[in-house]
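Working notes, beginning with the structure itself.
Read the figures in this text as sums done on the coordinates, not as results from a lab. Computed from a predicted structure; not experimentally measured. Cβ atoms come from the backbone with ideal geometry, glycine included; neighbour counts cover every protein chain shown.
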DNA sequence: GTATGGCGTTCGGAATACGTGAACAGATCG
DNA sequence: CGATCTGTTCACGTATTCCGAACGCCATAC
């Protein structure tokens, strides 16, 4: 576990661990949770009750689920920056134009969060249910195109910080798990202006990503477009076309930004 | 404050109170929060750090904001029931057909949460930024059409429970603040099959709502359509047309449901 | 009909970890 | 350069959390 500053509040941590456990198991009972987190049932009891009272959990007979009280907070965060709304709308046009999946992603705390996700005509609808890019999902930065596009624009120092904290876990055989390989890749991305993901996150899935920077050159987020590997040849013309589309979209978005 | 069971976890409560305060003030500093919640700076310090570490808050120089970590949880809750996705898609068709605002709302813990929101052609886009019906917002059940539609189908006992917990605060001069008046209204709604909201939540805003019930007659959620009062005469033909549209939509949704 | 095991719940007691306040460091302002 | 904001650190005392055992409840088993 990483050192998180002076004196972490343990009680809050266990409460949050409980909520996380409930989400990960898609509904759990008190005893299950007590087992899983190695806590006394009475302790879990008290935590669950307060969390239910606050609306962050819901109790359905004896099973606890994630509550809707998270919504007002997540929507608040999602609309914090007016740019987010603007960018999110463009995701739909990207999906439509390319006929693939498109998303808008933001970095926070060294992890990537999908703020908006859309699918174009040629993609099977079923995918949206399971796609890791679906709005609200959160993943590592090193194995997705938009994540790498953003990393490429951060300082080496910050990148190292992120890698230290979250590591480079592999999800497929193609995932970059070596720090220096990643730094080489970031260099390529900087030169080329866009990033690619060649089955590094999911087998058979490729994507192309481009980062969005603010007036002060700070990274704001990234767009990416992806689809099944057979449709997106790595160095094929379609890749370059999509990359161009992304870069244009980023430019046009930037021109709309206030100073 | 309501009694929330045996032994509430105080520490978790203050952590959550901090997050709430951050959201309500749209970004706050440590000292501000310490003042507001009447806590020692050092206490707030520890809480904020753990919350940042967990991703539920973000620190921007010295101001704290709501973090994106809420997203994975809220989306989980939003997709918990597959019905939610089906219902949410219909909101768009409702908005289009009526040219007004449409939403899908769910009850949890005695409060109403907007899961999906859409605006039709004739509504000014600007509204969506401030509308209380925007996705993720949460409000009382007694002063909105869909809330009342749902209340009408709950047992009197449950309704009373909800009223006791959340009260009947007034937001306009038309808000129902009296318990027996509300029960009379619920009776009317049951007879008529749909609920109306005549400037009870926002001045100049009217809406019509219809509840969705599951195979076991349990209330699942509600649709509503609303707009400026001048466009929706209370007992005019448009109201009845929209009500019919809502009821049809509810029926068609129900026919899609598994046993 | 009774026994057993599962669940959530309650409660008293003990140790921990939370909250406080005072003192420190850095920044910004007059 | 002093005054006054920040946020940070630390030692201390006590309130709070956590535990464990006992309880009630509802199944299912026998």
query: Shortest first and in nm to one decimal, what separations exist between residue A:27 and its copies in the other chains, measuring from label points 7 Å along the Cα-to-beta-carbon line?
result: 4.1
query: Any idea what angle helix A:156-166 forms with the longest principal axis of chain A, computed on alpha-carbon atoms, 0 to 90 degrees, nearest 10?
result: 40 degrees
field: Shortest-first distances to equivalent copies, position residue A:86, nm, label 7 Å out along Cβ
entry: 4.0
task: Have a look at A:14, A:239, A:98 and tell me which one the Gaussian network model of chain A (Cα, springs below 10 Å) gives the largest fluctuation.
output: A:14
- request: Quick one: angle between helix A:179-192 and the longest Cα principal axis of chain A, in degrees between 0 and 90, rounded to 10, please.
  value: 40 degrees
statement: Shape descriptor, chain A: equivalent ellipsoid semi-axes (Cα gyration tensor, sqrt 5λ, whole Å, largest first) stand at 35, 21, 19
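Tell me whether the stretch A:10-68 comes out rounded, prolate or oblate; compute the Cα gyration tensor, take square roots of the eigenvalues as a ≥ b ≥ c, and use a/c under 1.5 as the rounded threshold.
Details: a/c = 1.37, a/b = 1.18, b/c = 1.17.
Verdict is rounded for the stretch A:10-68.
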query: In what sequence, highest mean first, do B:104-117, B:18-31, B:176-189 appear when ranked by Cβ atoms within 10 angstrom?
result: B:104-117, B:18-31, B:176-189
- line: One decimal, nm, nearest first: from residue B:230 to the same residue in each other copy, label points 7 Å out along Cα→Cβ, the values are 5.7
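Can you tell me, using C-alpha contacts under 8 Å and at least 6 residues apart, the relative contact order of chain B as a whole percent?
Details: 399 pairs, mean separation 35.1, N = 259.
Relative contact order for chain B comes out at 14 percent.
Classify the stretch B:177-259: rounded, prolate or oblate, from the alpha-carbon gyration tensor (a ≥ b ≥ c, eigenvalue square roots; a/c under 1.5 rounded; otherwise prolate if a/b is larger than b/c)?
Details: a/c = 2.28, a/b = 1.40, b/c = 1.63.
Oblate.
If you take the square roots of the eigenvalues of the alpha-carbon gyration tensor of the stretch A:4-127 and sort them as a ≥ b ≥ c, do you get rounded (a/c under 1.5), prolate (a/b over b/c) or oblate?
Cα axes put the stretch A:4-127 in the prolate bin.
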- request: Quick one: angle between helix B:41-54 and the longest Cα principal axis of chain B, in degrees between 0 and 90, rounded to 10, please.
  value: 60 degrees
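What do you get for Rg/Rh over the protein assembly as shown if you use C-alpha atoms and the Kirkwood form of Rh? If you can, show how the numbers build up before the last one.
Numbers: Rg = 24.1 Å, Rh = 24.6 Å.
My calculation puts Rg/Rh at 0.98.
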